[in-house]
Amino acid sequence: MIEKDIELYNGLLKDFEKLDSSDYASAYELSRIALSLADRWNEIMLDSAKYSKDFNKTKSEFTSYCYQKFKILMKIHDFARVVYRQGAYGIQNYGEDLLWKK
């Protein structure tokens, strides 16, 4: 079960690495997904006693592992949200999608 969560986390990191600052549509989606994955990692952290045994780690080690993932996801959420806002601001103030024009 947690293997799928790790896979989703790694996939989001790859998508984030490809994010261009002018691609605010993708930024919105990344922001949304990162927030929901952060919530999931918070839930995993809550059950760290159960999951830590699966990874042969102490509860403390596993909790720290989850918390680091949670923090990274929140940073991705915040960054992507800023990129999205900048794009939305461009449309609102200039009446056209200036960020897509090259």
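In region 14-25, the residue that is farthest from Lys75 (Cα to Cα) out of those that are in contact (Cβ under 8 Å) with a residue 24 or more places away in the chain and part of a helix (DSSP H, G or I) is Ala25. Whenever a residue of region 47-59 is more than 16 Å from Met1 (Cα to Cα) and free of Cβ contacts under 8 Å to residues at least 40 places away in the same chain, its partners that are among the small types (Gly, Ala, Ser) and surrounded by 12 or more Cβ atoms within 10 Å (Cβ to Cβ), lying with C-beta atoms within less than 7 angstrom and at least six residues away or across chains, give the pairs Thr58/Ser52; Lys59/Ser48; Lys59/Ser52.
For region 54-71, state whether one or more residues are modelled with pLDDT under 95, on the phi > 0 side of the Ramachandran plot and either part of a loop (DSSP other than H, G, I, E, B) or among the hydroxyl-bearing types (Ser, Thr, Tyr) (or both). Within region 54-71, one or more residues are modelled with pLDDT under 95, on the phi > 0 side of the Ramachandran plot and either part of a loop (DSSP other than H, G, I, E, B) or among the hydroxyl-bearing types (Ser, Thr, Tyr) (or both).
Restricting Ile76, Ile6 to those that are touching a residue at least 12 places away in the same chain (Cβ under 8 Å) and of a type in the set (A, V, I, L, M) reduces the list to Ile76.
The residues listed here are Arg85, Arg32; of these, the one that is at pLDDT below 95, surrounded by 12 or more Cβ atoms within 10 Å (Cβ to Cβ) and not acidic (Asp, Glu) is Arg85.
The values are calculated or read from the model by the stated rules, or taken from the named source; none is laboratory data. All values derive from a computational prediction rather than experimental measurement. So basically every Cβ, Gly included, is an ideal-geometry build from the backbone, and we count neighbours across all protein chains shown.
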